[in-house]
Amino acid sequence: MVDVLTKANLFSCCNPNQHVNGLSLLPESCPASCSMRGFPVKLKSHALRLFSSLSSDFKGKRVVLRENKGFPGGGNSSKGSIKAQQIGLIGKSQKWWVKGLQPNMREVDSAQDLVDFLLNAGDKLVVVDFFSPGCGGCKALHPKICQLAEMHPDVQFLQVNYEEHKSMCYSLNVHVLPFFRFYRGAHGRLCSFSCTNATIKKFKDALAKHTTDRCSLEPTKGLEEKELVALAANKDLSFNYTPKPQPTPAPAEVELPVPHVVTPHTISDLVLPLPSTTVKSGQDSKEKPLVASGR
């Protein structure tokens, strides 16, 4: 066996610095003092035929390939394997809209989830963030939104993925990204606007304005009535809603004309003129009016 290995110049004693392209060729149960020395092989099939021809010298022991990760000077293949591992780690990295999420930030699963959460939020301020994975403005703004969420733990942030809930966004009239809506208690929707990384001050101002302490005894409003009706009418969404009955206006009362009554202002208005009488004495006659007088 030693003669065969020497003539073939294929194997030598164990030397950790002897390897080919970052790989050591070892039999499966080879002792630590023995190793296989690498040899130039152009084709994989040729290497397999060569090992099969020498299998009798190893007394039926299977030859395995082991990577020399800890050996210095591993060659180009070892560097390539490390680079491949780094690429694999990059491929498994978190999505940008998941990085930096705070405990008070969560993603909306459905239209029913959005409606239920707003109704159960009470007087807490809720910020609904509409974003898209392919939106560059959304990606640039996301880290700052996460920082503001960390600074305001009492505010709840909801994320709505436009690509996953496109039909719901249409029903809510959301056509510009990134887009934000603020809701709170009995007031319902407080404001809605679109902003970018350059106009983040608009978001900060709205956050400072609507985080002031307030309390309302009225029930939480949530989405507007027309938005709920639009979501229920959308066939792509599994959302059911019964519109609230509109109050019927009372019939208007017919006003009758009031008769005009003339009321006297002075007692003289009550004195009616009497017909005058003529008193004749002889040839001359004088007219003297009669005036009614009271007692």
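The values are calculated or read from the model by the stated rules, or taken from the named source; none is laboratory data. Predicted model only: the values in this text are computed from it and were never measured. Counting neighbours? That spans all protein chains shown, and the Cβs are built from the backbone with ideal geometry, glycine included.
Number of residues in segment 126-154 that are touching a helix residue (DSSP H, G or I) at 6+ places or on another chain (Cβ under 7 Å) and either on the phi > 0 side of the Ramachandran plot or among the β-branched types (Val, Ile, Thr) (or both) equals 1.
Here is a yes/no grid of residues against (1) under 18 Å from the mean Cα position of the chain (by Cα); (2) buried (at least 16 other Cβ atoms within 10 Å of the Cβ); (3) part of a loop (DSSP other than H, G, I, E, B):
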position	(1), (2), (3)
PRO143	yes, no, no
PHE157	yes, yes, no
ASN173	yes, no, yes
PHE182	yes, yes, no
PHE203	yes, yes, no
LYS209	no, no, no
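Could you pull out the residue among THR199, THR242 that is more than 18 Å from ARG106 (Cα to Cα) and not assigned by TED's automatic domain parsing to the domain that holds GLY137? None of the others qualify; the one that does is THR242.
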